[in-house]
Amino acid sequence: MGQPKTWKEWVFTLDHKIIGIFYLAASLVSFLVAGTSAALMRIELGSLGPTLTEDAGVYNLWLTMHGAVMILGFQIPALLGFFANWVVPIMIGAKDMAFPRVNALSVWLLWSGILLALCNLIVPDSFNGMWTGYPPYSETDFAGNTALYSLIIIVLGISSVFGAVNLACTVMFMRARGIGWYQLNMTVWCVFTANIMQLIFVPVLAASVLLLSLDKYLGFGFYDPGQGGDVLLYQNLFWFYSHPAVYVVLLPFLGISFDIIATFARNHIFNYKVAVWATLAFIPVSSDVWVHHAFVAGLPNWLRTMQTFTTLMISLPFGLLMLSMVMTLYKGSIEYRTPMHWIVGMFFMLIIGATTGIPNALSAIDYGISDSYVIMSHFHYVMAISGAMAIFGGIYYYFPKLTGRMYSEAMGKISAWLFFIGMNVVMGPLYFIGIEGMPRRYYDYQMFPQFESMHALATVGVAITTIGVLIMLYSWLHGMFRGEKATANPWQSQSLEFTHTDVIPGPGNFPTPPVMPEGWSPYSYDKTGAKGGSEARR
Amino acid sequence: MSSQVTEHAHWHTSPYPILVGFGAGFLLPWAFMFYFVYAQGLLAVIVLGLGVLMLLVGGVGWVGETVGIIDDEGWSPAAMLMFIGTEVMTLFAILVGYWVMRLQAPQWPPEGTPEILAPNLATLLLLCSSLSIGFARRKQMQGDAAGFANLTLISIAIWALFALMTIFGWGQLAGQGFAIGANAYATALYGLTGIHFAHIVFGLLIMLLALAPAYKGRLSPSYARSMTMYVHFVNVLGIWVLLQAYYW
Amino acid sequence: MSIQARAGSMALMLLSLPLIPRPAQAVQVVPVPGQSRQWDVPPHVHFDELLHEVFWDITIIGVLMAMVAAYFLFAYRRRFPDEVGRLQKLSPQAALGWMIIPVALFMADDIYLFAKGWELHKQYREVPENAYEIRVTGAMWSWTYTYPNEVETYGELKVPAETPILLRMSSEDVVHSHFIQQYRVTEDLMPGRVTYMWFMPDKVGEYVVTCREYCGAGHSSMYGKVIVMAREEFDAWLESEAAAISASATVASAQQVVSPAADVSARDFGR
Ligand code: HEA
Ligand code: HEA
Ligand code: CUA
Ligand SMILES: [Cu+2]
């Protein structure tokens, strides 16, 4: 059946797959915009003193755009937009999302938000208060157009709340006959859990930034001590959302990684039920740790101690998930195609990133490294690099289903390793100068001239990364128009989106509504009739 | 396994979500910014008008396409429940803001607060809409479309009256010199009542959109049920605002 | 009926929530000099020890996991096209065991780390009795240090060696953060609240202070120095500064020195 033919079928679409593609487009545009600003920042920092710009404000604008657009424009839309929309309904055997119109509304709200964010590059008073937007700074005139910041977040917030309600209903009500809760792909579970977290926490973020604009433009005083308000209220509300938000990013990309690993190792998920419950455990566990972003903000000591403990507890579900992931490789039959390369890279980055969360979690250690490049490097490893690698791996994984063609394996693998190496060269040295004291969000570092060589090295890393990204983009464009024709199930996956659909799934996804037999599982490789390695060998 | 697709499968489309999306998501923010950030009154009005137009055309078209025709799987109430859950979180966050302010204040209400009458009657009136909408729903379940529509109309009237009373109350307070920036209590009072007011406006839209199909007897039960839930929710919110802002 | 009854009681509960009696004043951070002991090792030395310990801890965990993964990735490559994985399904007991044992191990490590961290946390937050107190005011984009005798310095914090220093901090405009690399200590400054930090200048020398909370275009130029002087040298300096001030006292009184404590009202020190 393929893709729609007329422009109306594209633009006015209510189909979850086309909407998913619009999400993907938004997220890739965002990645390029935010990645370009990262490259500019790195060039600026590559040598001491002004390099590209004499104006610290310009650097701050790049950094604000980079952080906000990467998280809100690239990763969340890719994971909770593209994968949630394109993959999840097919994985559960549904013909579409529960509320197709609301789904379309979500994606257009997202695009509105992204366009608003791009407006920040052209308005005369661009917002430069960083993605965290702390008051009182963000309520001063120095910060620029705070309303734009609040409104972007509110619009994106509404978009994700609608998206989350929609996806939760889809998973709850629209599973095909024969698919029970314990027969869902890990991607479905992780996206579902992430969406429940969005429902719980996004509104708090929306409220916190709403109060920001009410304060600044309408004269309210929620965050103004002069009017009886409290500066710290914002930080508490903001991180009450934004800590869980990191798991909203983490879980879906782990889910996709689980599925890719299962497919290429032809194994089932190790200890599946425990992995599912570990995923769900992120909801309660992550709701009570936000103070670890404000260990040095002057909050009471008991709160810091308590939340040090709760933060450490995150390692339990996290550790279980990583254990399941490693053990899914055990006795597998691993084939190394491009998606698997990206996911292997993702896994090693995740180890570095996640374990470097532990020093930060101890309030006492955080006193020495808070708001330094240590933190910056931590979250690039765990979120930026791992997340991006999982997302790109996922795009390669579904590339045949999106375009009906294959990409070039050579280019795919080279881009994965250039990205991996490049980002290690960026973030590795930066971690160590972070320990030596390099503060975040610095346009220049006159007081620490000894860091120049490491900064320069990191800048070289970006050059490597950029080449990787360009090759990746080229491999997609090339594959889209010139690639070999794909088959419906190029990886011999057991998952529904490969076994029961056309090469490019058409309207309604399935030629006939799927009904799954007793005991079906998306990971039942041992029941395919193919030979298990052991019998074949011995 | 995958073979041909049944011939009549086709791509579903609708022009309305994109209208609502860009109208609400792009133009309304710009209207706000033109007015409050850039002091471009005229531009703000134009953009606002355009945005609201898109929103209305989109909304009416959307309702026309869907109400009574599809969406009878009955999932909307579950969705509405989740939506109300997120609303509760939003309000919780704002209430926390209020509590922090309130509990840290050396005295409450702070200096410069005039005598303020609690809107007891208005809130009581508001609560009546819970009754009227409850009866409306009962009528609908009995298959009495006109009864349902009439009672919905009554609820709309009650809410509209309440909205007017709120605006009037604000006007009076502002007249006494107790405007938004006056003190911490002003922040709380205008904040809480303002948020509630926004919900009233949104609810009025929901009910107004339902009115025409309701008279035609084509409103889907799940829409009606969700609408009822929303109305009850906003009414409970009204009691919270009353108790929190005026009696505490 | 019972549904109505349940709904009724729910509604009652909901309605009574806002009437919960007003709790005590919200908690504020209050430095508590006097309560605490002398620490034998300065916090920043202890910090380096703990940091190394934590690094070992996470390195072992990380390397173990990476090695296992690398081994699997290598050992279980696909050998022929229709080979499938041979991972056995776990029995319910095994599944439970694979949860409980790892969780117990992780938990043990967490609690160990927490205990270590708590010890150091207390050291950072409990100020020694004999601490010498200096007030800090941050403003876009400079630091003002006010000594007990109202001497002020800008961007240079001069302190006597071998004496614990307590900084009481507040901000005139936006959030800043006072970070001293040498003493591994950071704490934010903000309007409307007073925060504190203490450190032990154990060696004479000059060290860097930087601002670590984003505060606008001047954020990266908001840095200064901590100058640790021998005790006698410090006393002499402070006295000469004080003398210079009283010489120009007539001018100063007209300008009214505003100390950070003066403009942040009664909420501050818990009084
Ligand atoms: C996907 C995103 C993501 C993820 C998953 C994490 C995971 C974690 N993060 Fe990270 N973090 C961010 C994104 C993320 N973070 C971002 C974006 C910021 C900065 C925001 C900003 O300021 O701009 C940040 C900042 C940040 C801070 C604030 C520092 C500061 O500002 O001063 C802290 C402090 O505690 C922290 C801790 C942790 C911890 C403990 C985890 C844990 O979840 C990690 C747990 C996992 C493991 C430990 C490994 C696996 C477990 C085992 C193998 C079990 C055995 C291990 C042990 C017993 C130790 N992070
Ligand atoms: C999910 C998120 C994500 C991702 C993927 C990234 C990716 C990258 N980040 Fe980012 N980063 C953040 C999230 C992310 N970051 C956040 C939240 C902050 C904190 C913000 C704050 O402090 O408020 C931050 C801060 C941050 C800093 C700190 C600056 C400072 O504190 O002063 C630095 C510095 O090196 C940096 C670097 C990079 C680099 C080099 C990449 C690279 O991976 C980027 C690779 C991509 C490219 C190199 C783009 C390729 C471009 C092209 C191929 C051009 C083609 C162009 C067109 C066709 C138009 N990031
Ligand atoms: Cu002061 Cu940053
Ligand atoms: Cu966090």
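The values are calculated or read from the model by the stated rules, or taken from the named source; none is laboratory data. Keep in mind it's a predicted model, so treat the numbers as computed, not measured. Every residue, glycine as well, gets a Cβ built from its backbone with ideal geometry; the counts of neighbours run over all protein chains shown. Note: areas computed on protein heavy atoms with side chains; ligands, DNA, RNA excluded. Shrake-Rupley method; radii C 1.70, N 1.55, O 1.52, S 1.80 Å.
For the range A:15-499, the relative contact order works out to 16 percent when only alpha carbon pairs closer than 8 Å and six or more residues apart are counted.
Loop-resident GluC sites (Glu not before Pro) (DSSP state other than H, G, I, E or B) in the range A:404-506 with no more than 16 further Cβ atoms inside 10 Å of their Cβ: A:Glu436, A:Glu484.
For C:Arg77, the residues 5 or more places off, or on other chains, whose built amide H falls under 5 Å of its own are A:Ile334. When the pairs A:Lys17/A:Lys95; A:Lys331/A:Lys413; A:Lys95/A:Lys401 are compared against a 20 Å limit on Cα-Cα distance, A:Lys331/A:Lys413 fall above it. Measuring r between the beta carbons of B:Tyr38 and B:Ala174 and using R0 = 30 Å, the FRET efficiency lands at 0.80.
The stretch between A:Tyr336 and A:Leu218, if pulled fully straight at 0.36 nm per residue, gains 36.7 nm over its current Cα-Cα span.
Rg and Dmax of chain B, both derived from C-alpha coordinates alone, stand at 21.3, 76 Å. Which residues in the range B:95-139 place their backbone N less than 18 Å from a point set 7 Å from the Cα of B:Leu161 along the Cα-to-Cβ direction? Answer for this model: B:119-136. Considering only Cα atoms, the convex hull volume of the range A:15-499 works out to 137 Å³ per residue. The angle separating the long axis of helix A:272-286 from the principal Cα axis of greatest extent in chain A is about 20 degrees. Take each peptide in B:78-86, A:263-271, B:166-174, count the other Cβ atoms within 10 Å of every residue, and average; sorted highest first, the result is A:263-271, B:78-86, B:166-174. When the alpha carbon gyration tensor of the range C:132-238 is reduced to an equivalent ellipsoid, its three semi-axes come out at 22, 14, 12 angstrom, largest first. Using the Kirkwood radius over Cα pairs, work out the Stokes-Einstein diffusion coefficient for the protein assembly as shown at 37 °C and 0.692 mPa s, in µm²/s as a whole number. After rounding, the answer is 106 µm²/s. Of interest is the spacing of the C-alpha centroids, which for the range B:71-100 and the range A:231-284 amounts to 23 Å.
Counting only residues at least eight positions apart within a chain, or on another chain, the aspartates and glutamates with an alpha carbon under 20 Å from that of A:Lys5 are A:Asp15, A:Asp96, A:Asp502, B:Glu7.
With a simple spin-label model that places each label point 7 Å from the Cα along the Cα-to-Cβ direction, the separation between A:Leu280 and A:Ala410 comes to 4.9 nm.
A Förster radius of 51 Å, combined with the Cβ-Cβ distance separating A:Lys273 from B:Arg138, puts the computed FRET efficiency at roughly 0.70. Partner lysines whose Cα lies under 21 Å from the Cα of C:Lys158, excluding those fewer than 8 positions away in the same chain, are identified as C:Lys203, C:Lys225.
Considering the range A:137-285, its Cα convex hull presents a mean projected area of 10.9 nm². In this structure, A:Trp302 and C:Val204 have a Cβ-Cβ separation that, at R0 = 56 Å, corresponds to a calculated FRET efficiency of about 0.95. Of all lysines in the structure, the ones whose alpha carbon falls short of 26 Å from that of B:Lys216, not counting any fewer than 8 places away in one chain, are B:Lys139. Measuring with a 1.4 angstrom probe and ignoring ligands and nucleic acids, C:His52 comes out at about 120 Å² accessible. In the complete set of protein chains, residue-level accessible area for A:Asp141 is approximately 140 Å², probe 1.4 angstrom.
Note on A:271-284: average number of Cβ atoms from other chains within 10 Å of each residue's Cβ is 2.
Helical content alone sets the calculated 222 nm signal of chain A at -20500 deg cm²/dmol, taking -39,500 (n - 2.57) per DSSP H segment of four or more residues and averaging over every residue. Its alpha carbons give the range B:15-65 an Rg and a Dmax of 11.6, 39 Å.
Shown here are the Rg and Dmax of the Cα trace of the range C:192-233, at 13.6, 39 Å. Computed from label points 7 Å out along Cα-Cβ, the spacing between C:Ser221 and C:Glu119 is 4.5 nm. Taken one residue at a time, the phi angles of the range C:62-67 give Karplus couplings (6.51, -1.76, 1.60, θ = phi - 60°) of x, 5, 4, 4, 5, 5 Hz. Gly and Pro are set to x. Residue by residue along B:84-92, Cβ atoms of other protein chains within 10 Å of the local Cβ number 6 on average. Sorting A:Ser160, B:Ser14 by solvent-accessible area of protein heavy atoms yields A:Ser160, B:Ser14, largest first, with a 1.4 Å probe.
When the surface is traced with a 1.4 Å probe over the full set of protein chains, A:Glu44 keeps roughly 0 Å² accessible. Inter-label distance, B:Ile116 to C:Glu150: 4.2 nm, where each label sits 7 Å from its Cα along the C-beta direction. The relative contact order of the range A:153-203 comes to 64 percent, based on Cα pairs under 8 Å that sit 6 or more residues apart.
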